[in-house]
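Before any comments, here is the structure.
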Amino acid sequence: MFPPICLGCERLLRHDDALALCSRCHPLQARLPDSVAEANGIRALWSYDGPLSRAVVRLKFSGALALAGPLGRLLVADPGVLDGCDRVVSVPLHWRRRLVRGFDQSEELSRWAVRHARQTLRSRAPVLARRVLARSRATRPQTQLDAPARAANVEGAFFVRRPEQVRGRRVLLIDDVTTTGATAQACMHALREAGVASVTALALLRAL
Ligand SMILES: [Zn+2]
């Protein structure tokens, strides 16, 4: 379904390599310490540095869509990461940015994550709820702002355009990179307003 390539150097993985990184790249990738894995209402898996951060940058800005499969698999590789959810929703790009990029990276990651989950969890895998959230206005990139400005930048920037897909559901919100969690918080607020039973958030990487 996807080439078993190293997310760091794109060489083919050998079967004794780690899940997504070859033996050369794996030691270069930091896992998040427990103290910061869960912070600001969003769980993150890896640190925004090393080979995985470069892979996400290549996916987003160079259109390296072949990396979306292995990155999506990495999202759901930890046991229990999908426990207690029956719908997956991704943090959306503004439609204009999506148009320019040609795809939405968090949606791609979510699509692959659900696809991988179906292989292991079968009927217990959550369903991808597509295009549920939308941005009501374009926001400045969060990376250009300090922490207080980030919350203000995204407050009220999201709305649920397909509430019937998530009402009464246990939702897992997926983002590629989180920093302060402000974007995820704004999305979770909109989902709660739309009547979800519960919502948790998961990001592949956290920038510290
Ligand atoms: Zn490698």
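The values are calculated or read from the model by the stated rules, or taken from the named source; none is laboratory data. None of these values were measured; they are calculated from a predicted model. Positions of Cβ are generated from backbone atoms using ideal geometry, with glycine treated the same way; all protein chains shown enter the neighbour counts. Accessible surface areas use protein heavy atoms only, side chains included; no ligands, DNA or RNA. Shrake-Rupley method; radii C 1.70, N 1.55, O 1.52, S 1.80 Å.
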Task: Condition check for G63: open to solvent by 10 Å² or more (accessible area, probe 1.4 Å) and in contact (Cβ under 8 Å) with a residue 12 or more places away in the chain - done: yes
Task: Residue list for segment 115-128, filter: within 19 Å of E164 (Cβ to Cβ) and either open to solvent by 60 Å² or more (accessible area, probe 1.4 Å) or within 14 Å of the chain's Cα centre (by Cα) (or both) - done: V127, L128
TODO: Grab the helices (runs of 4 or more DSSP H) fully contained in segment 1-114, keeping just those with 2 or more residues being of a type in the set (K, R).
DONE: 50-62, 95-101
Task: Filter result (exposed (fewer than 13 other Cβ atoms within 10 Å of the Cβ), among the charged types (D, E, K, R) and touching a helix residue (DSSP H, G or I) at 6+ places or on another chain (Cβ under 9 Å)) within segment 129-144 - done: R140
TODO: Name, by its number, the condition in (1) of a type outside the set (V, I, T); (2) at pLDDT below 90; (3) farther than 24 Å from L128 by Cα; (4) buried (at least 21 other Cβ atoms within 10 Å of the Cβ) that does not hold for A20.
DONE: (3)
Open item on the list: I'd like to check something: does segment 145-163 contain any residue that is open to solvent by less than 60 Å² (accessible area, probe 1.4 Å), in a helix (DSSP H, G or I) and touching a residue at least 40 places away in the same chain (Cβ under 8 Å)?
Closed with: no
Task: Matching residues, segment 159-170, being hydrophobic (A, V, I, L, M, F, W, C) and touching an Asp or Glu at 6+ places or on another chain (Cβ under 8 Å) - done: V160
Task: Boolean, L13 is open to solvent by less than 40 Å² (accessible area, probe 1.4 Å), over 18 Å from the mean Cα position of the chain (by Cα) and within 16 Å of the ligand (Cβ to nearest atom) - done: yes
Open item on the list: Quick check on segment 10-31. Is at least one of its residues at positive phi and touching a strand residue (DSSP E or B) at 6+ places or on another chain (Cβ under 8 Å)?
Closed with: no
Open item on the list: Considering only residues that are more than 11 Å from the chain's Cα centre (by Cα) and within 23 Å of R137 (Cα to Cα), which ones fall in segment 67-114?
Closed with: L93, H94, W95, R96, R97, R98, L99, V100, R101, G102, F103
